[in-house]
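Just below is one structure, and these are the notes that go with it.
The values are calculated or read from the model by the stated rules, or taken from the named source; none is laboratory data. Owing to the predicted nature of the structure, the values given are computational and were not obtained by experimental measurement. We place every Cβ from the backbone using ideal geometry, glycine too, and count neighbours over all the protein chains shown. Ligands, DNA and RNA are excluded from the accessible area calculation, which covers all protein heavy atoms including side chains. Shrake-Rupley method; radii C 1.70, N 1.55, O 1.52, S 1.80 Å.
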Amino acid sequence: MSLHIGDIAPNFSIETTQGHIDFHNWAGDSWVFFFSHPADFTPVCTTEMGRTSQLVEEFRNRKTKPLGLSTDSVAEHLKWIADVNDTQNTDLQFPIVADPDCKIAKLYDMIHPSESDTAAVRSVFIIDPDKKIRLTMTYPMSVGRNFDEMLRVIDALQLGDKRHIATPADWLPGGKVIIPPSINNDEAKKLFPEGWDELRPYLRLTQAS
Ligand code: BEZ
């Protein structure tokens, strides 16, 4: 199944390392960072799981719950988590979905058959509290994700929702943001009383936090 930005993230019911979850109930009114990786006991995945665990406070500050997935069993995940904790100096507490029959991986189009019929690629779904998919990303098996970017894009989405703005290339929190062309200057005066720099009528930059 091919999922797109704006779709409702399909619900599922599954075993995880933290017990059985109904995905939508588990997500509640939080954002979700749902990410797959190819397999337990593999090097790149070990660093990614460790990094997510190290950043759990950063995710919490953004009211975002991490949820991992690989096509291995709960028993394998639990053994592997001990290695992740040991090698990455962390204490992994977020759930990892056990998906040995690839049910959820197929539902979320995480299996790319030219790569593998049984292992997921590195997919990311950022899902908002309305269960809407707000971002999708796909990385190959051989490239670990940049977790600063995962947090940055959550910041950009949340600020965009709060202040009706878009973010420019390489935006970082605190940087100038874009007033979208869908907001005319009269509306912009109300939303951004501090004003803006108009480089072009379609390119207006302001400060918002
Ligand atoms: C890894 O996590 O290191 C990995 C897993 C599957 C294929 C390639 C790399």
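Give the long-range amide H neighbours of residue 72: residues separated by 5 or more places, or on another chain, with amide H under 5 Å away, using H modelled in the peptide plane at 1.01 Å from N.
99
In a shell of Cβ-Cβ distance under 15 Å around residue 106, excluding residue 106 itself, what net charge do Lys and Arg (+1) and Asp and Glu (-1) give? Write out the running numbers ahead of the final one.
Numbers: positive: 103; negative: 99, 101, 109, 115, 117.
Once positives and negatives cancel, what remains is -4.
Any idea of the accessible area per residue across the chain, 1.4 Å probe, to the nearest Å²? It would help to have the intermediate numbers written out before the result.
On the way: 10280 Å² over 209 residues.
The answer is 49 Å² per residue.
For the pair residue 7 and residue 162, what calculated FRET efficiency results from E = 1/(1 + (r/R0)^6), where r is the Cβ-Cβ distance and R0 = 35 Å, to the nearest 0.05? Please list the in-between numbers first.
Details: r = 23 Å, r/R0 = 0.64.
So, using R0 = 35 Å, E works out to roughly 0.95.
Roughly how big is the chain's charge dipole about its Cα centre, with Cβ charges of +1 (Lys, Arg) and -1 (Asp, Glu), in debye to the nearest 20? Spell out each step's value before the answer.
Numbers: 21 positive and 30 negative charges, 149 e Å.
Dipole size: approximately 720 debye.
How big is region 133-209 by the Kirkwood estimate over distinct Cα pairs, in Å?
Numbers: mean 1/r = 0.0724 Å⁻¹.
Computed over region 133-209, the radius equals 13.8 Å.
What is the percent carbon and sulfur in the accessible area of the chain, measuring with a 1.4 Å probe over the protein chains and ignoring ligands? Intermediate values should be presented prior to the final figure.
Numbers: 5330 of 10280 Å².
Here carbon and sulfur together make up 52 percent of the probe-accessible area.
What are the ³J(HN,Hα) values, in whole Hz, obtained from phi via the Karplus relation 6.51 cos²θ - 1.76 cosθ + 1.60 with θ = phi - 60°, for each residue of region 46-63 in sequence order, with x given for Gly and Pro?
After applying 6.51 cos²θ - 1.76 cosθ + 1.60, I find 4, 5, 5, 5, x, 5, 4, 5, 4, 9, 4, 5, 5, 4, 4, 4, 9, 6 Hz.
For residue 131 and residue 60 in the same chain, what is the full-extension length gain: residue separation times 0.36 nm, less their Cα-Cα distance, in nm?
Working: separation 71, 0.36 × 71 = 25.56 nm, distance 1.75 nm.
Taking 0.36 nm per residue and subtracting the Cα distance, the gain is 23.8 nm.
Mind listing the long-range amide H neighbours of residue 67? Cut-off is under 5 Å, sequence gap 5 or more, other chains count too, H placed in the peptide plane at 1.01 Å from N.
33, 34, 35
With r defined as the distance between the Cβ atoms of residue 172 and residue 91 and R0 fixed at 30 Å, what FRET efficiency is calculated, to the nearest 0.05? Please list the in-between numbers first.
Working: r = 29 Å, r/R0 = 0.95.
That pair, residue 172 with residue 91, gives E of 0.55.
Starting from the 7 Å offset along Cα-to-Cβ, what nm value, one decimal, do you get for the label separation of residue 183 and residue 205?
Each label point lies 7 Å from its Cα, and together they span 1.7 nm.
Taking H as built 1.01 Å from N, whose amide H comes closer than 5 Å to the amide H of residue 18, not counting residues under 5 places away?
Close amide H contacts, sequence-distant or interchain: 96.
For the chain, max minus min Cα coordinate along each principal axis, in Å, sorted largest first?
Projected onto its principal axes, the Cα set of the chain covers 59, 36, 33 Å.
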